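Step one of this worksheet: look at the structure below.
The values are calculated or read from the model by the stated rules, or taken from the named source; none is laboratory data. Predicted model only: the values in this text are computed from it and were never measured. Please note: Cβ atoms are built from the backbone with ideal geometry, for glycine as well, and neighbour counts cover all protein chains shown.
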Amino acid sequence: MPTHRRISALFIFAVAAIAGLAEPAAGEAGADEITLDDAIRRALAKNFSIQVQGFDAAIAAARVTEALGKFDPALNGSYTFSQDRNPLLSFTPAGQRNTTVDQVDTYDVSVGGLLPWGMTYRLGASTTNARGTFNAYADNYESFAGASGSLPLLRNFGFGPTLASIRIAMANRGISAWQYRAAAIDLITAVTFAYHDLNLAYANLRSAIRSRELAASLLAENEKRFRVGSMSEFDVNSARSRVANREEAILLAQRAVGVAENALKQLITDERSPALLQRRLVIVPPPTPPIVVVDAAADFRTALAQRPDYAQARLALQRDGINARLQRNQLLPRVDLVGSYGYNGYDAERAVSRHQVQDQEYKSYSWGVVVSVPLSLTTERGRYRAARLQQRQSETELARIEQDIVVRVGNAAGQIETTQQRIQAAREARALAQTILDAEVKRLRAGQSSTFFVLQQQEIVSSLEVSESRALSDYAKALAEYDRQLGVTLERLRITVEPPR
């Protein structure tokens with residue numbers, strides 16, 4: 001077999017082998033066939049980024065529970081024993097100073113806590129047994145049962161300051177929930193992009209293989225014509241050179257497929273071993289997206305209602321407003337109304353003393369006002385000023401995001417229109433280039449053209465095929481990006497996500 005025929009046969013064999021590697025077959029061992037919907041749902045279930053964001057949402061929910069715990073009543077119990085030895089002014093006959101010894105046992109049990117309007121309370125009972133040298137260590141039980149409380153009248157008065165920490169925690173929980181939603185939307189969009197990138201990579205590989213097949217076919221035809229003397233050796237060598245050159249395009253396209261495949265696998269699986277790189281994906285080619293007409297101005301209100309970042313900014317402004325009001329309240333002096341009401345008992349026997357309390361015969365009550373005016377409010381003034389500046393910053397951030405939405409929605413809408421026009425232009429250009437290629441092949445066979453022009457036109461057709469595939473891919477991604485900018489990705493795909501609690 002002549003050398004040029006062996007080379008031609010090897011080229012054809014290589015083309016067939018590479019064509020078999022263009023896309024893994026659905027039944028191939030280790031291949032995993034998925035649709036775009038499958039990829040999205042796998043990503044939401046297994047992607048590490050969404051799992052990390054889920055922890056943030058759960059932590060924020062736990063912070064609300066923590067803040068609510070400030071109202072949990074506490075059960076307190078105590079027992080103390082004390083002894084005091086005190087000197088007297090009298091002396092013993094031996095000249096030593098007389099002393100007294102006092103011993104006190106105190107039993108106390110109570111339930112206390114904080115009420116939503118700022119009042120602290122205590123419900124409890126106590127018994128004290130005081131004895132010593134003054135009464136020959138005879139038991140004397142003094143009992144009390146009742147309630148006491150302290151109500152702030154200025155600083156920390158009312159529901160606002162008391163509930164501020166809870167309301168801030170709830171705002172943070174809402175922000176985290178919107179952050180989780182944003183993470184889900186970003187992940188879905190990233191999966192959509194990666195899926196179409198892989199589909200485009202396969203299209204590029206198919207185009208590169210087809211281009212090489214055309215060059216190989218032209219080489220085989222030129223060799224036949226050379227053998228009968230109707231074509232020059234230069235044309236044969238030119239065709240053979242182009243076949244060899246197109247090998248690089250196939251290798252680059254294969255590498256691009258591997259990179260795109262790994263990018264998609266990383267998004268949709270939690271696999272962490274090298275087996276991740278070995279497993280192949282078979283994607284079901286997505287259907288051609290329908291032509292849609294979008295109105296950025298009309299959709300702006302939808303974006304304001306659905307965009308997670310705008311919702312987060314509104315909640316942040318609400319949170320900072322709560323904190324500013326709290327810090328303003330802390331500039332006030334402390335004026336607390338205090339009081340207690342209960343019943344006393346006193347007897348040498350503990351049981352009798354307690355029964356007296358139960359019989360409610362001996363009332364005990366008190367009330368008063370405690371005032372505390374700081375000589376300097378440097379810390380409080382600094383906190384209030386910082387809180388006000390934070391609130392103004394959040395207001396400005398909300399306005400910035402609103403402007404950003406206008407621009408981004410407009411850009412996304414323009415991208416849809418542009419890609420629609422690109423599809424139409426690329427489709428017409430590819431069809432026209434194919435017509436020219438067919439005509440150029442006929443002219444070559446009629447001896448009116450050259451191998452160079454045919455090969456050049458083949459490359460043009462291959463390039464335009466890639467351009468059309470890229471335009472279709474970019475259009476699908478433009479639609480996904482527009483949904484993300486409006487914040488309606490989940491609703492469009494009918495997906496419900498809830499942050500973990």
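Taking the conditions (1) farther than 30 Å from G339 by Cα; (2) surrounded by 18 or more Cβ atoms within 10 Å (Cβ to Cβ); (3) aromatic (F, W, Y) in turn, F234 satisfies each one other than (2).
The rows are residues; the columns are (1) over 30 Å from L163 (Cα atoms); (2) in contact with a helix residue (DSSP H, G or I) (Cβ under 7 Å, 6 or more places away or on another chain); (3) in the same structural domain as G345 (by TED's automatic domain parsing).
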residue: Q83; (1), (2), (3): yes, no, yes
residue: L89; (1), (2), (3): yes, no, yes
residue: T100; (1), (2), (3): yes, yes, yes
residue: T106; (1), (2), (3): yes, no, yes
residue: G124; (1), (2), (3): no, no, yes
residue: T127; (1), (2), (3): yes, yes, yes
residue: G132; (1), (2), (3): yes, no, yes
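Name the single residue, out of those in the stretch 420-477 being aromatic (F, W, Y) and in contact (Cβ under 8 Å) with a residue 40 or more places away in the chain, that is farthest from M231 (Cα to Cα). Taking the candidates together, the pick is Y475.
Applying the set (1) within 30 Å of A177 (Cβ to Cβ); (2) at pLDDT 90 or above; (3) not polar (S, T, N, Q) to P499 leaves exactly one unmet item: (2).
Based on what the data block shows, is A296 assigned by TED's automatic domain parsing to the domain that holds A203, touching an Asp or Glu at 6+ places or on another chain (Cβ under 6 Å) and either touching a residue at least 40 places away in the same chain (Cβ under 8 Å) or surrounded by 18 or more Cβ atoms within 10 Å (Cβ to Cβ) (or both)? Judged against the criteria, A296 is not a match. Of all residues in the stretch 145-186, exactly one satisfies the criterion of being touching a helix residue (DSSP H, G or I) at 6+ places or on another chain (Cβ under 7 Å) and part of a strand (DSSP E or B), namely A145. Scanning the stretch 115-135 for residues that are crowded, with 16+ Cβ neighbours inside 10 Å and aliphatic (A, V, I, L, M) yields M119, L123, A125, A130. Look at the stretch 79-114 and say how many of its residues are of a type in the set (F, W, Y) and surrounded by 12 or more Cβ atoms within 10 Å (Cβ to Cβ). Total meeting the criteria: 1.
R122 meets the conditions (1) among the charged types (D, E, K, R); (2) more than 51 Å from the chain's Cα centre (by Cα); (3) farther than 18 Å from S353 by Cα in every case but one. The failed one is (2).
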